[in-house]
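*Asks:* Just dropping this structure here.
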Amino acid sequence: MILIYYVYLSFLLFGSVLGRTALTENDGDEAVCELIKQLNGVPWDAVDSMKVHVRRNATVASQSGAIAEMEVRKAYAAVLRAASSQSAEAIEVVLAAFNKVRTAIVLCNEEIQRVRGLWSQFKDAAVRVVQCAEVANGYLKHLVDDAEVSFRQHVTDKCNKRERKNVTADSLNDAMQRALPFVKDPTIRANLTETEKLLRELEGIVGAASEARQGAAQQVPMAVAAGNEAAKVAISGLQPPPGPKPGPEPGPTPPPPPVPPERNEKPFYIILLSSIVLMVIVLFVLGSMALRQFCRTICYHKRIASGFSERELQAFADS
């Protein structure tokens, strides 16, 4: 009986030593549980939110670049328009404005390339931080489960290993500082340290992406102002200045052309009036002859109807 009791005490002592290699005191349960919840939130509450932020910054920077590119095209069109004018001052002003727009788009493109490089760097770091967090979290959950088997049965009631919390590099560092004294496994400690380091790297990338987006956006007003100035000067340079137009010096005045003599049109009207009078006379004569013949024909037929003899009719026709 005493031997069996001694073996049981030895088993409890050995299990306690095994559990305390990872969790040394009961006070470490809450710290380790908090660390597990924060590690659960690394892929979702930390990496995903920062990914959205970096991607949005890259999109906004690209939009700024598109606006600056439109202003470059407008300024270049103004240069071509001003080149057709004869105002050297207008051409000089337009070229200066075009150089401003070109400088603005060069700076804007540099910020765009920078934020795109940050986006690629962020994706690589995000994969590594998720891997490190999952490895460290798996070790911690395994050690907590071991503690539950040995002498930490109350951990099951207090710690929900599926819960996740919002996590930042600072919050994870604070949770690590509270939990690491109770975690003796070097693999877990190394993965936790690497996770915290990578989270700080991601936060730095997010800040740099915001700065790049702001830098690209700052070039847009300068590009727009320079493009409008170039277009305005190019259009005004084509308009002639007020006052007399410059031209060749006037030469001697040529003599006036000779004035043609006035035409006398009286004979024409006299001939026209005479022709009209003659036509009226001819028409009157022809009308009277036709009327006379018409009357003779009527009278002849009346005599026939009245019974005149042929001799009388012949005498009437001859008359």
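*Asks:* Among the candidates 128, 56, single out the residue that is of a type outside the set (A, V, I, L, M), modelled with pLDDT of 90 or more and in contact with a Leu (Cβ under 7 Å, 6 or more places away or on another chain).
*Replies:* Only one candidate qualifies: 128.
*Asks:* Here's a follow-up. Has the range 201-220 got at least one residue that is within 30 Å of residue 87 (Cα to Cα) and in the same structural domain as residue 78 (by TED's automatic domain parsing)?
*Replies:* yes
*Asks:* Any idea which of 46, 31 is in contact (Cβ under 8 Å) with a residue 24 or more places away in the chain, within 26 Å of residue 174 (Cα to Cα) and either β-branched (Val, Ile, Thr) or touching a Ser or Thr at 6+ places or on another chain (Cβ under 8 Å) (or both)?
*Replies:* Just a single option satisfies the conditions, and that option is 46.
*Asks:* Moving to a separate point now. Evaluate the following for residue 200: is it charged (D, E, K, R), at pLDDT 80 or above and more than 30 Å from residue 79 (Cα to Cα)?
*Replies:* yes
*Asks:* Listed residues 75, 104; which is more than 30 Å from residue 55 (Cβ to Cβ) and surrounded by 20 or more Cβ atoms within 10 Å (Cβ to Cβ)?
*Replies:* Every option except 75 fails the conditions.
The values are calculated or read from the model by the stated rules, or taken from the named source; none is laboratory data. Note that the structure is a prediction, hence the values are computed from the model and not measured. Here Cβ is always computed from backbone atoms with ideal geometry, including for glycine, and neighbour counts include all displayed protein chains.
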